[in-house]
There are 2 protein chains.
Amino acid sequence: MTKILDGMRVVEGSAFVAVPLAGMQLAQMGAEVIRFDRIEGGLDSERWPLAPSGRSLFWAGLNKGKKSIAVDMRSTEGQELVTRIVTAPGPDAGMFLTNLRVRGWMDYETLSQYRRDLIMVTLMGDRHGRPQVDYTVNPALGIPDMTGPEDHDAPVASALPAWDLIAGNMVVSALLAAERHRLRHGNGQEVEFALKDVAAATMGHLGMIGDAVLNEAQRGKAGNALYGAYGQDFVCACGQRVMAIGLTARQWAGLVKVTETGAQMDALAQRTGRDLGDEGVRWEMRHEITAILAPWFAARRVEEFAKEFDKRGITWSIFRSIKSAVQDDPDLSAENPMFSMLDQPGLGRFPVPGCPAQFSDHARTKPAPAPELGQHTEEILGDVVRLSDTEIAQLFDNGVVQSPRYAARSAA
Amino acid sequence: MTKILDGMRVVEGSAFVAVPLAGMQLAQMGAEVIRFDRIEGGLDSERWPLAPSGRSLFWAGLNKGKKSIAVDMRSTEGQELVTRIVTAPGPDAGMFLTNLRVRGWMDYETLSQYRRDLIMVTLMGDRHGRPQVDYTVNPALGIPDMTGPEDHDAPVASALPAWDLIAGNMVVSALLAAERHRLRHGNGQEVEFALKDVAAATMGHLGMIGDAVLNEAQRGKAGNALYGAYGQDFVCACGQRVMAIGLTARQWAGLVKVTETGAQMDALAQRTGRDLGDEGVRWEMRHEITAILAPWFAARRVEEFAKEFDKRGITWSIFRSIKSAVQDDPDLSAENPMFSMLDQPGLGRFPVPGCPAQFSDHARTKPAPAPELGQHTEEILGDVVRLSDTEIAQLFDNGVVQSPRYAARSAA
């Protein structure tokens, strides 16, 4: 079965979320992705969450379908091997992703001496080269300040490292854009960007920077309300909490109709002289609107209205914990063709996602599990670096590279 | 000045965040992006935040650098025009992004009859085709359940529509991957994916689904702590709140050293028999660690330690509101070459971001402002659909298309 990026080879020297995610997504679209790591494993090899065995579910999730080579990069020989892997010939190779930013032997200037058309994408913390992570960028730009209940004083950071995830996806597009250019014009190039710039640009794109500069009022916390129109969470008679949306005129009309609150909404509009057909008015009057809708939800169990809401095309959902979502929502199970139940060696059996995008000319394939550290060391030294068996054996014996098979043989 | 995607033409029929963001990012990388809208404007034309003039900063932010055509798509003539724009010839054209999911004249089966190698990327709500938005997907999968202070009962949704932003970036990569395939094999294709699947896959990639299935303990709220290692917010003597990170061994050692808390950390390790060198132990003992570090921060103003922290490479930041970030942080101003001060007609003057990625063979260019609705109607009908001036004039007179220039002339 073919995949959309079949034939492409990408090398990755990385840790944590963004760059590993980029490489993993390329692998799930069919690229051969080689991740190199230190002999002892990358900085992220033990990152939480862990499986009951103590092994990292995080690492397994972000490195699915890659090939792994373990190299001692403190040695000149190890540095030379990585250089040869990154700059190996092939029209669909010569692409390198990293967030390690090692100066000298691993920078673009040096590597591109071995392959003139090298494409290298480097993700930094901030544009000054200072260390920054999602957990520091996000507070610095003010998202936690806008997040949380209206009466809560302190900033609230989300449990999701959104900027890392966005930056990782941008690494993919930057690489594909640079490769498209190379296909047409022959030249490779260096692509650099910073996590903090990704966040700043994205907030600018959403209008948040213009808002902060031009408007006197500061955007405050708004609990779980949908910003700028209507959308609110409600607790139902069964204790479940739902989110119901009235962003577009159609969604708003649907919500009012299905809850039979039209007369009350009209009365509210008349009393205040404001037009609830205007999304901004719905936002400004969200508390009054919620006061009308809340009793309707409080008087009903979710099961009493769920089918009707779906039938009428209402945009809504139930708040869940991830545990209850995994138990109750078929979209998070192998019923969803994006997921497959996989036995991941040393971790366990659970639903593992493949690529969300469905390309019509390429059937969905099962996601491949993550490699063991160094699992493909021999294969890569042979097929990519084109070393002989004797040369490979020497590298193992000198401790320049490692693999699970060699480690087991040495221990025996 | 050249850009990385010069020559590519993409057509966009969209609203809200994800697909407009995708088109805008392609435009900032050099593609010609044509967004078509209804004569009265898209569903997102008045989305908040608004400028003091009442015009949408959101719309302006997500449509920078695009060309705009306004068409009456209820009419057969309008549908035919959009079809001809989407399927216009050219080796670097025939690419269509949408989240409108109109059946019949605008589906892949119909459009590809006019251009066999059409690439069409469609973003849906969920995989069943039901309406879902970031504000409903996110609660359904449990991120708000894990977000918020430890003692807070209710779910807390972030102010950032992260899934929309991630999905928008995936639209870009899916398009570039499909175009890469078309360049090599000649065939176009349909690419479909769902916002909810993007979220579910991403949470799976982070190990969250494996964690929920395999581990008995449910991941709970942890305030602003960095999950799985050490990282915490602290209030300083000046009242400012900072985030300080001890994720890697190096970050942790740096944090302990600069705060001179080594002896206390050693005593804690000895008392509990636990190894703080293990990131998971730092996570489990975060409250004890925070109790040691908090007095250090509480006794100091940020200005007393900021330079020292930077000099020693500590990973940290100050919590800000977006207003204070815009005022105080040069990374959010035109001092950062990614930003330019732009006068946006009808909105005002503020720092506007370009593409975060810096391609070494392409100089940064100023971001272009968003178009007026229908600003390029005449140009697109002439250059892309190849209509004569007489044909174009007729379309205007029959109300099939609109432009600000024509509207002004009619009003005069």
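Throughout, read-outs are computed from the coordinates displayed, never taken from laboratory work. Source: prediction; values computed, not measured. Neighbour counts run over all protein chains shown; Cβ positions are idealised from the backbone, glycine included.
In whole Å, what is the distance between the alpha-carbon centres of segment A:133-202 and segment B:207-281?
Segment A:133-202 and segment B:207-281 have Cα centres spaced 23 Å from each other.
Treating the point 7 Å from Cα along Cα-beta-carbon as the label, what are the nm separations from residue A:334 to the other copies, to one decimal?
Copy-to-copy label distances for residue A:334: 5.9 nm.
How well do other chains shield peptide A:218-224, expressed as the mean number of their Cβ atoms within 10 Å of each residue Cβ?
4
With a bin width of 10 angstrom, please list the P(r) values of segment A:241-318 as percents of all Cα-Cα pairs, from the 0 bin to the one holding the largest distance.
For segment A:241-318, the pair-distance distribution reads 17, 56, 24, 2.
With n ≥ 4 as the cut-off for DSSP H runs, can you work out [θ] at 222 nm for chain B, using -39500 (n - 2.57) per run divided by the number of residues, rounded to the nearest 500? Walk me through the intermediate numbers first.
Details: 18 runs with 167 residues, N = 412.
Calculated mean residue ellipticity at 222 nm is -11500 deg cm²/dmol.
What distance in nm separates the two pseudo spin-label positions at residue B:372 and residue A:334, each 7 Å out from Cα along the beta-carbon direction?
5.9 nm
Tell me the volume per residue, in Å³, of the convex hull enclosing the alpha carbons of segment A:341-406. Provide the component values of the computation, followed by the final result.
Details: hull volume 8.2 nm³, N = 66.
Dividing the Cα hull volume of segment A:341-406 by its residue count gives 125 Å³.
PRE reach from residue A:327 (point 7 Å along Cα→Cβ): which of segment A:295-317 fall under 19 Å by backbone N?
A:302-303
Sort A:272-278, B:12-18, A:344-350, B:22-28 by the packing proxy (mean of other Cβ within 10 Å over each peptide's residues), most packed first.
B:22-28, B:12-18, A:344-350, A:272-278
No solvent, one uniform scatterer per C-alpha: report log10 I(q)/I(0) for segment B:172-276 via the Debye equation at q = 0.13, 0.14, 0.18 1/Å, two decimals.
Treating every Cα as an identical point scatterer, log10 I(q)/I(0) equals -0.78, -0.84, -1.04.
For residue B:105 and residue B:153, what does the FRET efficiency come to when R0 = 51 Å and r is the distance between their Cβ atoms, rounded to the nearest 0.05?
Working: r = 50 Å, r/R0 = 0.97.
Rounded to the nearest 0.05, the efficiency is 0.55.
Expressed as a rounded percentage, what relative contact order does chain A have, with Cα pairs under 8 Å and six or more residues apart?
Values: 677 pairs, mean separation 78.7, N = 412.
Normalised by residue count, the contact order of chain A is 19 percent.
What net charge is computed for the residues neighbouring residue B:378, neighbours being all others with C-beta under 14 Å from the C-beta of residue B:378, Lys and Arg scored +1, Asp and Glu -1?
On the way: positive: B:67, B:386, B:405, B:409; negative: B:372, B:379, B:383, B:389, B:391, B:397.
That sum, taken over residues with Cβ under 14 Å, equals -2.
Give the calculated FRET efficiency between residue A:253 and residue A:412 to the nearest 0.05, with a Förster radius of 56 Å applied to their Cβ-Cβ distance. Could the numbers behind the result be given before it?
On the way: r = 72 Å, r/R0 = 1.29.
Rounded to the nearest 0.05, the efficiency is 0.20.
I need the Kirkwood Rh of chain B: take the reciprocal of the average 1/r across all distinct C-alpha pairs and report it in angstrom.
Numbers: mean 1/r = 0.0406 Å⁻¹.
When all Cα pairs of chain B are included, the Kirkwood radius is 24.6 Å.
Give me the net charge for the shell around residue A:118: Cβ to Cβ below 10 angstrom, other residues only, Lys and Arg +1, Asp and Glu -1. Present the calculation step by step, with values, prior to reporting the outcome.
Values: positive: A:115, A:116, A:182; negative: A:117, A:190.
Net charge in that neighbourhood comes out at +1.
Assume the label is 7 Å from Cα along Cα to beta carbon: what separations in nm does residue B:278 have to the matching positions in the other copies?
Its label point is 6.1 nm from the equivalent points in the other copies.
Is there a simple number for the mean count of other chain Cβ atoms within 10 Å of the Cβ of residues in B:310-316, and what is it?
Numbers: counts 3, 0, 0, 2, 3, 7, 8.
Mean inter-chain Cβ contacts per residue within 10 Å come to 3.
What base-10 log of the normalised intensity I(q)/I(0) is obtained for the protein assembly as shown from the Debye formula, alpha carbons as equal point scatterers, at q = 0.05 Å⁻¹?
Result of the Debye calculation: -0.26.
Using the beta-carbon distance between residue A:398 and residue A:84 and R0 = 22 Å, what value does 1/(1 + (r/R0)^6) give for FRET efficiency, to the nearest 0.05? The partial results should precede the final answer.
On the way: r = 16 Å, r/R0 = 0.74.
Between residue A:398 and residue A:84 the formula returns 0.85.
Translational D (Stokes-Einstein, µm²/s) of segment B:275-412 at 20 °C and 1.002 mPa s when Rh comes from the Kirkwood sum over C-alpha pairs? Before the final figure, lay out the partial values.
Numbers: Rh = 21.3 Å.
The diffusion coefficient I find is 101 µm²/s.
Just want to confirm a number: the relative contact order over segment B:241-318, from Cα pairs under 8 angstrom separated by 6+ residues, in percent. Don't skip to the answer; put the middle values down first.
Values: 54 pairs, mean separation 37.9, N = 78.
Worked out over segment B:241-318, it gives 49 percent.
Across the residues of B:238-246, average count of Cβ atoms on other protein chains within 10 Å? Kindly include the intermediate steps, with their values, before the conclusion.
On the way: counts 0, 0, 0, 5, 3, 10, 2, 5, 0.
That works out to 3 on average.
Restricting the count to DSSP beta bridges whose residues both fall in chain A, what percent are antiparallel, rounded to a multiple of 5? Before the final figure, lay out the partial values.
Working: 18 of 38 bridges.
Percent antiparallel among DSSP bridges in chain A is about 45.
As I understand it, the value is the acute angle between the Cα axis of helix A:195-205 and the longest principal axis of the Cα atoms of chain A; what does it come to in degrees, rounded to 10?
Taking Cα atoms only, the helix is inclined about 30 degrees.
When a footprinting reagent is the concern and you count Cβ atoms within 10 Å, what order do B:141, A:268 take, fewest first? Please list the in-between numbers first.
Values: B:141 28, A:268 17.
Fewest to most other Cβ atoms nearby, the residues stand as A:268, B:141.
Between B:73, B:170, B:285, which gets the highest mean-square fluctuation from a Gaussian network model of chain B, Cα cutoff 10 Å?
So, out of B:73, B:170, B:285, the one fluctuating most is B:285.
Between Rg and the Kirkwood Rh of segment A:116-253, both from Cα atoms, what is the Rg to Rh ratio?
Numbers: Rg = 19.7 Å, Rh = 18.0 Å.
Radius of gyration over Kirkwood radius for segment A:116-253 works out to 1.10.
Could you pull the copy-to-copy label distances for residue B:215, with points set 7 Å along Cα to Cβ, in nm to one decimal and sorted shortest first?
Nearest to farthest, the other copies are at 3.9 nm.
I need the semi-axes of the equivalent ellipsoid of segment B:296-357: take the C-alpha gyration tensor, multiply each eigenvalue by 5, square-root it, list largest first in whole angstrom. Can you show the working numbers first?
On the way: eigenvalues 194, 40, 13 Å².
After diagonalising the Cα gyration tensor, the semi-axes are 31, 14, 8 Å.
Show me the ranking of peptides A:60-71, B:288-299 by mean Cβ neighbours inside 10 Å, starting with the highest. Intermediate results must be reported in sequence, preceding the final value.
On the way: A:60-71: 25.8, B:288-299: 16.0.
Listed from highest to lowest mean packing, they are A:60-71, B:288-299.
Mind giving me the nanometre distance, one decimal, between the label points for residue B:391 and residue A:216, set 7 Å out from Cα along Cα→Cβ?
Label at residue B:391, label at residue A:216, 5.4 nm between them.
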